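One structure below.
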Amino acid sequence: MQSLSSRKLTWREYFVVASLLFGLFFGAGNLIFPLHLGQLAGGHWGPAALGFLVTGVLLPLLSVMAIAVTRSEGVFDVGRPLGVGFALTFMVLIHATIGPLFGTPRTATVSFTVGVAPFVPAHYQKLALLVFSVVFFGLAFAFSYHENSILANVGKVLNPMFLALLFLMFLVAFLMPMGNPMHATSTAAYTHGAVVNGFLEGYNTMDALAGLAFGVTVVSAVRQMGQKKSTDVSKVVAKAGLLAMTGVGLIYLLLIVAGAMSLGHFKLSADGGVAFTQIVHYYGGAFGQVVLAVLITVTCLTTAVGLVAAFAQDFHKHFPKVSYHTWLALTTLASFGTANFGLEQIIAWSTPMLMFLYPLAMVLILLSVFSNFFNRDSRIYFFVVLFTVVPALGDMVVSFPKVVSASAFGQSVASLRAMLPLSALGLSWLVPALVGLVLGLAVHFVKPQPQVALQPARVDDED
């Protein structure tokens with residue numbers, strides 16, 4: 001009979017899992033948001049960093065834990081307690097957000113903004129972005145179409161080089177600071193609400209959503225290492241995740257401080273891509289900028305390949321009448337189109353979607369992590385999500401650019417939303433979600449419901 005015990009992992013194996021988690025959550029695009037946060041927060045960078053690390057580090061780790069605890073095979077299974085319709089809708093929204101609408105196009109626009117734009121005259125920027133994105137997504141499609149591992153193997157070599165150069169930049173920046181981060185000017189929003197605004201800025205990393213979509217990769221790797229019990233899988237993910245996310249958190253913290261210090265020499269930039277370019281050019285000159293730009297482009301291209309392939313695979317799985325290659329072509333073309341709106345526009349229009357999706361993702365992640373305490377009762381999920389989704393829609397509407405938020409409809413929604421607690425902080429969903437949790441738990445304890453099984457029980461999963 002097969003042994004049900006899990007073997008003890010070596011430190012090297014923990015490091016392998018940690019590296020996988022690090023690669024999942026840290027891409028070149030994650031550079032720009034903490035840098036920009038540092039510029040926005042100025043002297044209040046400490047509280048802002050605290051809020052950012054919750055949504056940028058802790059929540060992504062919990063999203064992978066949610067996959068492990070519920071033994072899910074993907075984001076679809078996380079929403080499954082609320083029915084197939086909700087699960088499918090949630091999956092589509094997650095993949096569309098981290099895929100062709102915002103996440104995948106951002107890989108090209110970050111590469112362009114950091115690597116190409118500084119060398120192109122202003123009046124040729126749009127044309128240059130068009131040509132760059134054609135080549136960028138053409139390569140992404142080709143590598144994904146043939147499921148070629150060449151780029152991934154190159155990335156394994158270049159990504160460490162990229163991180164080494166990044167830490168070299170940190171070393172130089174802290175040895176020769178542009179200014180004192182504690183004395184940097186803060187924007188009005190961060191003068192009194194640094195923690196909450198840092199928390200909301202962490203949404204832009206999209207890592208919690210990515211953790212739900214790709215966390216199964218990490219969990220599968222842990223199971224292949226001989227971890228048979230779901231509790232053991234969760235413990236390994238937690239330990240390796242702590243190691244990986246400590247590294248991610250350290251990079252975020254250094255970037256936030258570097259962004260605050262840059263205000264001693266530069267003005268507040270429109271986005272983090274511009275800030276990163278300015279800082280690299282200041283310390284490394286044109287040569288340093290070219291080298292780092294090449295590495296960032298390869299890193300972003302590797303990320304883009306993973307995103308378009310994952311989108312095509314998951315959509316083909318749930319909509320099998322359309323082939324993998326057709327889904328791949330559709331997501332690549334859509335990403336190309338979105339990328340040509342530019343990084344600033346992508347960030348502006350992604351914010352409303354993230355204001356809607358992140359509250360839903362957060363409550364589903366936390367419910368999944370603690371699901372064993374209430375037998376994954378679908379009624380608790382129902383009340384919590386119901387009381388979360390309505391105010392989250394309000395947060396989404398008021399976060400749109402003025403063409404929507406300043407309209408009569410937007411103003412009406414804003415007036416209703418203002419009646420909810422914490423609405424001024426962008427957290428109007430929090431109190432209603434807690435009310436939904438109380439109601440759900442009350443129903444659960446009055447009339448307990450049998451545990452929901454996502455899939456047939458497997459012998460090697462039994463605790």
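Things to note:
- Region 377-390 residues that are closer than 16 Å to F356 by Cβ, paired with ones that are surrounded by fewer than 17 Cβ atoms within 10 Å (Cβ to Cβ) (beta carbon under 6 Å, 6 or more apart): F387/V435
- When region 217-253 is filtered for residues that are closer than 24 Å to D314 by Cβ and surrounded by fewer than 17 Cβ atoms within 10 Å (Cβ to Cβ), the ones remaining, listed by number, are S220, Q224.
- Reported count of residues in region 196-219, each being of a type in the set (V, I, T) and in contact with a Leu (Cβ under 6 Å, 6 or more places away or on another chain), is 2.
- Residue pairs whose Cβ atoms lie under 7 Å apart, sitting 6 or more positions apart in sequence or on different chains, and linking a residue in region 67-95 that is farther than 23 Å from T205 by Cα to a partner that is at pLDDT 90 or above and not in a helix (DSSP H, G or I), are F86/G79.
- Selection count where residues are surrounded by fewer than 24 Cβ atoms within 10 Å (Cβ to Cβ) and small (G, A, S), scope region 45-73: 3
- Contact map, region 36-61: residues that are among the aromatic types (F, W, Y) paired with residues that are not in a helix (DSSP H, G or I), Cβ distance under 8 Å, separation 6+ or inter-chain. Pairs shown: W45/A184.
- Residue that is farthest from V280 (Cα to Cα) [pool: residues in region 239-267 that are under 18 Å from the mean Cα position of the chain (by Cα) and small (G, A, S)]: G241
- Residue within region 86-95 that is part of a helix (DSSP H, G or I), of a type outside the set (A, V, I, L, M, F, W, C), more than 14 Å from the chain's Cα centre (by Cα) and more than 19 Å from F33 (Cα to Cα) present: yes
- Any chance V308 is aliphatic (A, V, I, L, M) and without any contact (Cβ under 8 Å) to a residue 12 or more places away in the chain: no
- Any hit, region 313-329, residues being crowded, with 24+ Cβ neighbours inside 10 Å, within 23 Å of the chain's Cα centre (by Cα) and not charged (D, E, K, R): no
- Listed by first and then second residue, the pairs linking a residue in region 346-366 that is farther than 25 Å from V69 by Cα to a residue that is among the charged types (D, E, K, R) and outside any helix (DSSP H, G or I), with Cβ atoms under 8 Å apart and 6 or more places separating them unless they lie on different chains, are I347/D271.
The values are calculated or read from the model by the stated rules, or taken from the named source; none is laboratory data. This one's a predicted model, so the numbers in the text were calculated from it and none came from an experiment. Please note: Cβ atoms are built from the backbone with ideal geometry, for glycine as well, and neighbour counts cover all protein chains shown.
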